[in-house]
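Novice: To start, I am sharing the structure in question, which I have written as structure tokens.
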Amino acid sequence: MKLNRRKFIAKSSLAMSMPMITIANQKDTFSELNTKLNRGDTILFQGDSITDAGREKTNQLPNNANSFGAGYAFLAASHLLNAHPDKAFNIYNRGISGNKVYQLQDRWQVDAIDLKPNLVSILIGVNDYWHKVKHGYNGTVEIYENDLRALIKRTIKELPGVRIVLCEPFILPNTSAVEQSWVIPFQKYQKAAHKIAKEFNALWVPFQSVFDKGLQKAKETYWAPDGVHPSMAGSQLMAQAWLEVVNNS
């Protein structure tokens, strides 16, 4: 199909204008986004396998996809870096699969304090119960609460001015790993975490209620096939909830 010179110039001009429109709209979107985080802040995600999400642990670099794994922390961090390129954030993921609270404490100096974060996000608790039920761990909800309280006290003492985000541990029953019998005893761990969040005026991310609302749209295995580790959809659900709390609190 042949185009005359006038039509060709018109089509070329339209095509050249389209990217400029997209860029202008993108800049407007960036300017409308709000966050309470400051330029140059260091942000740390901590926890167990849900945060770990299969990350590479040799280099453990900030703002690096391999060092983040494929979970909610990667999605939330990616959003922050995309939405606020002017703020020069340094964002780390130091979650480790299988961890319980006392194991966070064991590595807290290197994997938290030494990074000098301005904001520390912690999601921990499911292994403190799961390993008790199925793997011979002899911990109790009292140990969980006391260890978590001590961890946050230490963090605040050694990092004056740090902001704490405490995420609610969650489970989805009727899945391959989680039985309905978990629900009532696990609520004690959730209540302990919420109690500590209030004690230290930490930001609270209510993941259990977020997933419970998700169940109105899809069954448990859609969000977390084994009831503990989120799917792609579940990870996105978590990232959105986390960002909503951090950006608006």
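Novice: Which far-off residues, 5 or more places away or on another chain, put their amide H under 5 Å from the one on residue 91, with H placed in the peptide plane?
Specialist: Those lying under 5 Å, H to H, from residue 91 are 43, 63.
Novice: Thinking of the range 37-118 as a set of Cα atoms, what percent of all their pairs are more than 17 Å apart?
Specialist: 43 percent
Novice: Follow-up. Select from 62, 117, 160 the residue whose mean-square fluctuation is largest in a Gaussian network model of the chain (Cα-Cα springs shorter than 10 Å).
Specialist: Per the Cα network of the chain with a 10 Å cutoff, 160 tops the list.
Novice: Full extension from residue 142 to residue 154: what is 0.36 nm times the residue separation minus their Cα-Cα distance, to one decimal in nm?
Specialist: 2.5 nm
Novice: Sticking with this structure for a sec: Starting from the Cα of residue 247, move 7 Å in the Cα-to-Cβ direction to define the label point; list residues of the range 40-79 whose amide nitrogen is under 14 Å from there.
Specialist: Residues passing the 14 Å test: 75-79.
Novice: Report the far tail of the P(r) of the range 102-248, meaning the percent of Cα-Cα pairs longer than 26 Å.
Specialist: So the pairs more than 26 Å apart make up 26 percent of the total in the range 102-248.
Novice: Let me have the 222 nm mean residue ellipticity of the chain computed from DSSP H runs of 4+ only, each contributing -39500 (n - 2.57), with the sum over all residues rounded to the nearest 500.
Specialist: Rounded to the nearest 500, it is -15500 deg cm²/dmol.
Novice: Okay, moving on. Please give the length that would be gained between residue 65 and residue 116 if that part of the chain were fully extended, namely 0.36 nm times their separation in residues minus their C-alpha to C-alpha distance (nm, one decimal).
Specialist: 16.3 nm
Read the figures in this text as sums done on the coordinates, not as results from a lab. Since the model is a prediction, treat every value here as computed from it, not as a measurement. No Cβ is skipped: glycine too gets one built from the backbone with ideal geometry, and neighbour counts run over all protein chains shown.
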